[in-house]
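The values are calculated or read from the model by the stated rules, or taken from the named source; none is laboratory data. Values in this document were obtained by computation on a predicted structure and should not be read as measured data. Here the Cβ positions follow ideal geometry from the backbone for every residue, glycine too, while neighbour counts run over all protein chains shown.
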Amino acid sequence: MVILNDMDPEGGDPPCWAHLFDDQACLDPNHAEGVVASPITARTGNDERATVDLAAITQAASAPGAAWTHESEDLHVNLLVFASGEGVAEHVNDEVDVLVVSIAGTGAVTVDGTRHILSTGQALVIPKSARRSTTGMSAPFAYLTCHRRRAGLRPSRDSDGSHSGATNLQT
């Protein structure tokens with residue numbers, strides 16, 4: 001497990017790491033330059049710069065799964081929200097490493113059979129080709145996934161409504 005600290009070799013405080021991505025503004029609410037106070041609730045592939053209120057989006061989520069998505073040419077970010085006992089079934093992603101950041105609550109992220117408990121503010125880097133799954137241990141368990149953009153793999157629902165890993169989607 002990788003826990004992020006406040007030493008950023010690229011410069012800037014941890015909340016301002018977003019300056020490394022051309023199409024995203026600083027996520028620090030105290031940073032005033034080029035930010036908008038309202039959350040983004042749809043894909044934003046343009047050069048629009050805005051602050052995203054992940055806590056508000058988490059609270060407003062009415063169904064399990066992706067509550068917010070951002071896609072650019074280079075980056076894919078999802079905010080996933082689940083109740084206790086819900087999550088994404090085990091699957092393998094052979095294409096990219098994925099950064100998982102817990103936004104609210106507590107959940108289990110199992111990687112190649114090892115269970116990691118993530119609480120608010122903790123992060124885990126999942127290497128490509130690892131078997132992974134998530135399960136909420138509290139309600140809500142909200143987490144952000146971030147990776148290099150690729151052909152979309154998004155959590156899908158089985159016929160019974162449960163989430164079953166990833167489904168290939170063409171982008």
Testing THR167 on (1) at negative phi; (2) assigned to a loop (DSSP other than H, G, I, E, B); (3) at pLDDT below 95, one condition comes back false. Which one is that? (2)
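In the list ARG154, ARG150, which residue meets the criterion of being assigned to a strand (DSSP E or B), modelled with pLDDT under 95 and under 25 Å from ALA50 (Cα atoms)? Don't jump to the end; show me each part of the working.
Working: ARG150 fails: assigned to a strand (DSSP E or B).
Only one candidate qualifies: ARG154.
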What's the total number of residues in segment 69-107 that are acidic (Asp, Glu) and modelled with pLDDT of 95 or more? 3
Given the criteria modelled with pLDDT of 95 or more, surrounded by fewer than 16 Cβ atoms within 10 Å (Cβ to Cβ) and part of a loop (DSSP other than H, G, I, E, B), does GLY121 qualify? yes
When you go through (1) closer than 29 Å to ALA50 by Cα; (2) outside any strand (DSSP E or B) one by one for ASP94, which number turns out not to apply? (1)
